[in-house]
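Student: My questions all concern the structure below.
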Amino acid sequence: MKKTLDRLSQSSENTNPKIRQMDKDFEAWKTSRKQNDFFKYLQELKRLRDEEAIQLAQIKSQENLQLAKIKSKYLQDHIIAVTEFHKNIAEDLITIDRKRKMSLSDEDIDQEEQELKPTSTEVRYFKKRLLDLNCDSDNCIEDESDVEKSDYSDEELDNIDSFSFDEWVDTCNRERWTLRNGEKVRDVLLRMTRKAIDKSNELKKMEAKTLSTIRLRLGLSSIIDLSSEFEGGMHAWFGQDWEDLKVRCSHKIKFEVRKFKGDILSDIIKIEELCTSFKYWEARAHLLDKIKERPSDDTHRQVLKTIDMLLENPYSFIDKEGRKKNLTEVEYIMKVAGPILDIIFSSDHDIVYLKWGETTSKPTISRKIDLRVLTVDSDTVLSHSEFARKATPLKIIKGRSKCLRTNKCILDQYLMNDLPEEAVEDSTIFGLQSAGLEGQLFAIDLLDEGLYFSLNGPTFRFPAVLNNIEVLRSSLEILYLFKEKAINKAKYLSCNDNNQIAKILKSRSITKKPQHSKMNYIKKTYFTPKETLRNEIRNLHSNDWHLI
């Protein structure tokens, strides 16, 4: 009771006299030891505590009320200030517009107002943004086409009517690649592209029309995609000559994957054996011991670091019950593709660097790309790669068409340099196409005048669970080939302009024109104009196309 009296005397000044009196009475009671007085004082103490609680509640209520009034007044003042600010801006704009119209004729004003009106496509896009609509890209064909249509720049054609098929017509009579019947390969490509334009206009089903359009985009870009073996793919254009073309191109476009060996291979095998036996802690301990030894070889250290990243978080792609996680495209990149490629390229950061996240570049008409590999000294693009959340037929086929055309642009830009003959022979551009945990290496090269060929490379897969980690070995070997090819291109380019003094004194007007043979082989690349997919087919069909 003594402690309670002390606590009450400290809580409120109003009750101090009463508390002091009760304290005296309590001391008197201890002397007299009268039980009735004790209960009387106890009841009085309880009453005082109740009064104290009521007073505290009233004070808190008053404070909350005052705070609410202050916030309300501040909000009203802020709204008035913002409204006044917008009103002043509107008045200024009206004044400026009035002065401008006074200096222009009526005809000029009408023309300017017409130009400022948004197009139906812009209005539709704005409404979609405003309502925050979301269409699943794996199931919505129109959303897939919007991806291609949204990546425009001022350099792109505004109207397909200004686009002439004559730009792609072959006028060279030199000896060329031919088929078994003696017909030139490029002649067949042009003829079948023209037929694809006609056929696309007749198709009713949207998906079939889209696939047909994908083929003609490649044809108009002078690309023969030797991986196009799906139903209705480019393989149907060349019939029995298809396999001959693949064999012939495989001698020029090579995927020479180097296998791991020595200490790297022995460490990988040891970790694989432990993981397949579900001895994850032992595998991690062995791995950390090897990392502490700091191998002198860059590749060895990078491989160990990559495996450690996967062992550190075994539940990146599945939960503890073994169910697959529903990850987005960005999450797949952040969890596996991005970190692994960053590790692989880390030892050559002074030569090349990686640019992630739907960036654009001038050589590809500002098409959005998931991953670009660029040189450090001149920001020259060396490769484009695409990543997706899920592999669906339409998404993969459209993604490959886009990758081939953007990498063709990179190849054309690369060949416009004064390169040594060795670099010209090794001009193949390599790229990656990935969906989820699976991916494939592909390549494109200019092998004849106006004939670009693309081949599929080896496939790779990242492990979803640690007991399946053996698939990582071949995947890393493929990615190191991808890195090697990009580094080689960067080194060829740096031979000419690595000296800063020479770069300053070198005049652009007298730059030496490339003398290699492939310089004359280059043809233009076709990208979809600012039209819907349906309008694109109709305009292509309505134009007066002529083949020579």
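Student: On a C-alpha basis, how far is the centre of region 465-489 from the centre of region 394-423 in Å? Whole number, if you could?
Tutor: Their Cα centres are 21 Å away from one another.
Student: Take the Cβ-Cβ distance between residue 83 and residue 326 as r, set R0 to 45 Å, and report the resulting FRET efficiency rounded to the nearest 0.05.
Tutor: 0.50
Student: So between residue 251 and residue 468, what do we pick up on full extension, going 0.36 nm a residue minus the alpha carbon distance?
Tutor: Additional length available on full extension: 74.7 nm.
Student: Per 0.36 nm of contour for each residue apart, how much would the distance between residue 524 and residue 279 grow if the chain were fully extended, relative to their Cα-Cα spacing?
Tutor: Gain on extension, residue 524 to residue 279, equals 82.6 nm.
Student: Moving to a separate point now. Which number comes out as Rg/Rh for region 263-520 once both Rg and the Kirkwood Rh are worked out on C-alpha atoms?
Tutor: 1.02
Student: Hey, what did region 263-520 get for relative contact order, percent, Cα under 8 Å, at least 6 apart?
Tutor: 18 percent
Student: In nm, to one decimal, how far is the modelled label at residue 62 from the one at residue 351, with both set 7 Å along Cα→Cβ?
Tutor: 7.8 nm
Student: OK, next. Starting from the Cα of residue 488, step 7 Å along the direction of its Cβ; do the same at residue 230; then give the gap between the two resulting points in nm.
Tutor: Using points 7 Å along Cα→Cβ, the separation is 3.0 nm.
Student: If you plug each phi of region 375-387 into the Karplus form 6.51 cos²θ - 1.76 cosθ + 1.60 with θ = phi - 60°, what whole-Hz ³J(HN,Hα) values come out, in order, with x for Gly and Pro?
Tutor: Rounded to whole hertz, the list is 7, 6, 6, 9, 6, 6, 6, 10, 6, 10, 9, 10, 10.
Quick note: the coordinates plus some simple rules give every number you see, no bench work behind them. Not measured: the values here are computed from a predicted model. No Cβ is skipped: glycine too gets one built from the backbone with ideal geometry, and neighbour counts run over all protein chains shown.
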